[in-house]
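For reference, the structure is listed below as structure tokens.
Since every read-out is calculated from the coordinates, none of them should be taken as a lab result. Please read these numbers as outputs of a predicted model, since none were measured by experiment. Note that we place each Cβ from the backbone using ideal geometry, even for glycine, and neighbour counts take in every protein chain shown.
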Amino acid sequence: MRYLPVLPGLLAPLPLLATCLSTPDVVVFGQMSYVNKRPSLWKIDGKNPYTGRNTFNDIAVKYADSCQVIENKLNVDIALYGLAYYSYRDAGAFEKDDNRTRVLLDRFRVSYNVSSSVRLDVGKIRTKQGLFYLKSPSNLLAGYYAGFKTTRIYDPSMKQSYFESFWGATLAQDTQNYSLSLTVAPKLTDIDKRYESSSNWSASRRANARERYLLTYTDYRMDKHTPSVNLLLGDARSVAISNSYYWTPQFVINAGMAWHDRQQWRHMDGDKARMVERYAFPSELYGIRKKNGVELALGMQYTTDRFSQLGLEYYFQSEGYSSGQWRQQTDLVKFLNQRTNYAPLDQAFDAYKYLMASENYNASSKGSLLGKHYINGWASLLLADRSVIQPYAVLNMVDASAMLGIHYNKPLDRLDKKLDVYTGVYTALGSKHSEFGLFGEAVGTYLGFKYHF
């Protein structure tokens, strides 16, 4: 009972909080998309587990707001999304979502300014994603994909919001010379359903299933260099360093490297795969080995006088599948595709394929790539009417599979310039035995709008 007198003091800011959260940023997205997929390597019950052609209607609502509960001392920042979709055809066996509506809490951050340069953030937060468009070695707190399996809003402003942010805290000091921060992301649960895709997990499983402590230091004292060091401790250990070199104010060269004391995503165990081919059935096919690994990324970015941007990147990871390891995985899929006409065995084979598909999907849904060497090119071309064209291409240099696309966004002068329309096309190219063609070559297109209230 002696703690009760404290409650009025804690609850006092709540009416003020409700009052100041009154100027929200609300954006409504509406989109229609179409996808055409070729048959994949996979078969479930002898059938293609993907719908060949399908059309989707998506809607999303973004709500974001912030306020100063205590001026220059205590701030609250919130952002969440409501998502829903409708498909014209039923989803295939590998495409089914638990539901077609969901709410994503992207950010709920309470910030307390300890001093003019020191800040404490507590709540649902996310850290900076690094220097690279494709994958940054310094992004050590990445969460899993939280959107739907078959469709999403393709506007680039939504890209990062689909990846789950984590519950935790950050203590940061920012000065003119450097920034220093300590981030704590506690373990709140375990991932116990590996046979399901990450989009059907709970939010805590997508972002708080490991114990992590991240120490980050960035130095701003050099004229043309901005070096940064990241140290990750907890369930796994990593060290990442990165640097941006400004050759000119408009031309930047980025470099990043990371060392890990264990694998960053779950790999197929070759010995267990051979057990399955001998009709011995292990409980798991995938796991993380305690094996040192290295990531390396190099890139360049040029900004034109008209503020268009061009970028080219190279990415390498030592833990990516070799050609032989990848072939062993696709050979196992072909082995499991055979029909024995003995129902219990056929069902067991299909169960392993569900597991394999989910493991590969979940590795990718955390932003990981599955091979070793990649080239990525992208651009953001600003036109005179304020519209933007954004082409991109990603190439797996080992199996020659690729992802290509182009996005176009145009702001309209109507409705007080609050309405944008966008469209685009994308494709995944590669053989059935390649990374980007593993689940079937695909071509998709979309048309949508976003309205700012």
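Longer than 19 Å from Cα to Cα, which of K135/K159; K149/K353; K37/K272; K124/K149 are they? Say none if no pair is.
K37/K272; K124/K149, as the Cα separations exceed 19 Å there.
Please arrange D65, D413, D155, D305 by how many other C-beta atoms lie within 10 Å of their C-beta, fewest to most.
D305, D413, D65, D155
Can you give the alpha-carbon Rg of segment 330-386 over 2.2 N^0.38 Å, where N counts its residues? Let's see the in-between values first.
Values: Rg = 19.9 Å, N = 57, 2.2 N^0.38 = 10.2 Å.
Output field value: 1.95.
Determine the shape class of segment 152-233: with a ≥ b ≥ c the square roots of the Cα gyration tensor eigenvalues, call it rounded for a/c under 1.5, and otherwise prolate if a/b is greater than b/c, oblate otherwise.
Oblate, because a/c is 1.5 or more while a/b does not exceed b/c.
Quote the relative contact order of segment 242-299 in percent (integer), defining contacts as alpha-carbon pairs under 8 Å separated by 6+ residues. Display every interim value, and only then the final one.
Working: 81 pairs, mean separation 24.8, N = 58.
Relative contact order here is 43 percent.
Along the positive direction of the dipole of the chain (beta-carbon charges: Lys, Arg +1; Asp, Glu -1; about the Cα centre), which of N230, Y374, Y422 reaches farthest?
Y374
For a quick check of your reading of the filter: which chymotrypsin sites (Phe, Trp or Tyr not before Pro) in segment 262-308 sit in a DSSP loop and have no more than 16 other Cβ atoms within 10 Å?
Values: sites: W265, Y279, Y286, Y302, F307; in loops: W265, Y279, F307.
Here the chymotrypsin sites (Phe, Trp or Tyr not before Pro) that fit, given the DSSP loop and packing criteria, are Y279, F307.
Can you give the helix-only mean residue ellipticity at 222 nm for the chain, where every DSSP H stretch with n ≥ 4 adds -39500 (n - 2.57) and the sum goes over all residues, rounded to the nearest 500 deg cm²/dmol? Write out the running numbers ahead of the final one.
Working: 7 runs with 68 residues, N = 453.
Helix-only estimate at 222 nm: -4500 deg cm²/dmol.
Report the charge-dipole magnitude of segment 384-453 in Debye, nearest 20, computed about the Cα centre from +1 at each Lys and Arg Cβ and -1 at each Asp and Glu Cβ.
Numbers: 7 positive and 7 negative charges, 64 e Å.
In total the dipole reaches around 300 debye.
Go through F349, G440, L105 and say which Cα lies farthest out towards the positive end of the charge dipole of the chain; charges sit on Cβ, +1 for Lys and Arg, -1 for Asp and Glu.
The listed residue farthest towards the positive side: F349.
Cα-based Rg (one decimal) and Dmax (whole number) for segment 331-453, in Å?
20.3, 66
Out of the GluC sites (Glu not before Pro) in segment 274-361, which ones are loop residues according to DSSP with at most 14 other C-beta atoms within 10 Å?
Within segment 274-361, the qualifying GluC sites (Glu not before Pro) (loop, at most 14 other Cβ atoms within 10 Å) are E284.
Name the residue from A207, S117, S181 whose Cα lies farthest towards the positive end of the charge dipole of the chain, charges +1 on Cβ of Lys and Arg and -1 on Cβ of Asp and Glu.
So the residue we want is A207.
Looking only at segment 177-198, which residues have a backbone nitrogen under 17 Å from a spot 7 Å from the Cα of V122 in the C-beta direction?
Within reach of a label on V122, which here means backbone N under 17 Å from a point 7 Å along Cα→Cβ, segment 177-198 contributes 182-187.
Using semi-axes √(5λ) of the Cα gyration tensor in Å as the read-out, say which of (i) 37, 27, 26; (ii) 40, 29, 24; (iii) 31, 28, 24 was calculated from these coordinates.
(i)
Using a simple charge model, +1 on the beta-carbon of Lys and Arg, -1 on the beta-carbon of Asp and Glu, nothing else, what dipole does the chain show about its Cα centre, in debye to the nearest 20?
It comes to approximately 460 debye.
Give me the percent relative contact order of the chain, please, defined on Cα pairs under 8 angstrom at least 6 residues apart.
14 percent
Segment 286-348: which trypsin sites (Lys or Arg not before Pro) are DSSP loop and have at most 13 other beta-carbon atoms within 10 angstrom?
Listed in order of number, the matching sites are R289, K290, K291, R306, R339.
Let's test the formula: R0 of 41 Å, r as the Cβ-Cβ distance of K224 and K73. What FRET efficiency results, to the nearest 0.05?
Numbers: r = 36 Å, r/R0 = 0.89.
Efficiency, rounded to the nearest 0.05: 0.65.
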